[in-house]
Amino acid sequence: MAEIKAVCTSQKKGAKKHPVEHVDLVANYGIQGDGHADSQTHRQVSLLAVSSIDKMKKLGLDVKPGDFAENITVEGMDVCHLPLGTHLKLGDDVELEITQIGKECHDRCAIFKQVGTCIMPLEGVFARVIRGGRLRAGNSVLRC
């Protein structure tokens, strides 16, 4: 079974996120207090697989959850290969809908400058919050 390895936030877009004990997701908005939360976008929450971070580690980079500005780091599920429209149940309450895989990297973003490369343009996953709730590391991730 897949599980959440880390939940991370930052107040600013384009910056590394920092692991926190828990996050509170709000339907059709995102994570309370996170710079990417916005009811007007389909990219309310970002996810990245541990396997994607491991690819960067094999290149010699010292990276960890949150370094690629992902909100939720997932272990045991290759989230970048899920079809658009896939619904995920995280923990007891949260439901997300996958809305985008990959993204355009804007002129060597802060993440690229900090770690020398960025996996998010290819393997970062973005989602809309269907049902909110509290998440923490160790919560399960299931495909609905």
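A few remarks follow.
- Cα lying deepest toward the dipole's positive end in the range 2-143, options Ile130, Ala15, Ser140, charges on Cβ: Ala15
- For the chain, the longest site-free run once GluC sites (Glu not before Pro) in DSSP loop states with at most 16 other Cβ atoms within 10 Å are removed: 22-103
- In this structure, the pairs whose alpha-carbon distance is over 18 Å, taken from Lys5/Lys55; Lys5/Lys89; Lys16/Lys64; Lys16/Lys58; Lys12/Lys89; Lys13/Lys103, are Lys16/Lys58; Lys12/Lys89.
- Label-point gap, in nm, between Gln100 and Lys13 - each point 7 angstrom along Cα→Cβ: 0.9
- All C-alpha pair distances within the chain, sorted into 10 Å bins from zero, spread as 13, 49, 33, 5 percent across the bins.
- Net charge contributed by nearby residues that have their C-beta within less than 13 Å of Ala2 (K/R +1, D/E -1): 0
- Percentage relative contact order, the range 1-93, counting C-alpha pairs under 8 Å, at least six apart: 34
- Cα-centre dipole for the chain with unit charges at Cβ (Lys and Arg positive, Asp and Glu negative), debye to 20: 320
- Count Lys and Arg as plus one, Asp and Glu as minus one, and take only other residues whose Cβ is under 12 Å from that of His81; the net charge is then -1.
- Ile130 sits among other residues whose Cβ lies under 14 Å from its own Cβ, and their net charge, with Lys and Arg +1 and Asp and Glu -1, is +1.
None of the figures in this text is laboratory data; all of them are computed from the coordinates on show. Just so we're clear, the structure is a prediction, and the values are computed from it rather than from any experiment. A quick note on method: Cβ atoms are made from the backbone with ideal geometry, for glycine too, and the neighbour counts reach across all protein chains shown.
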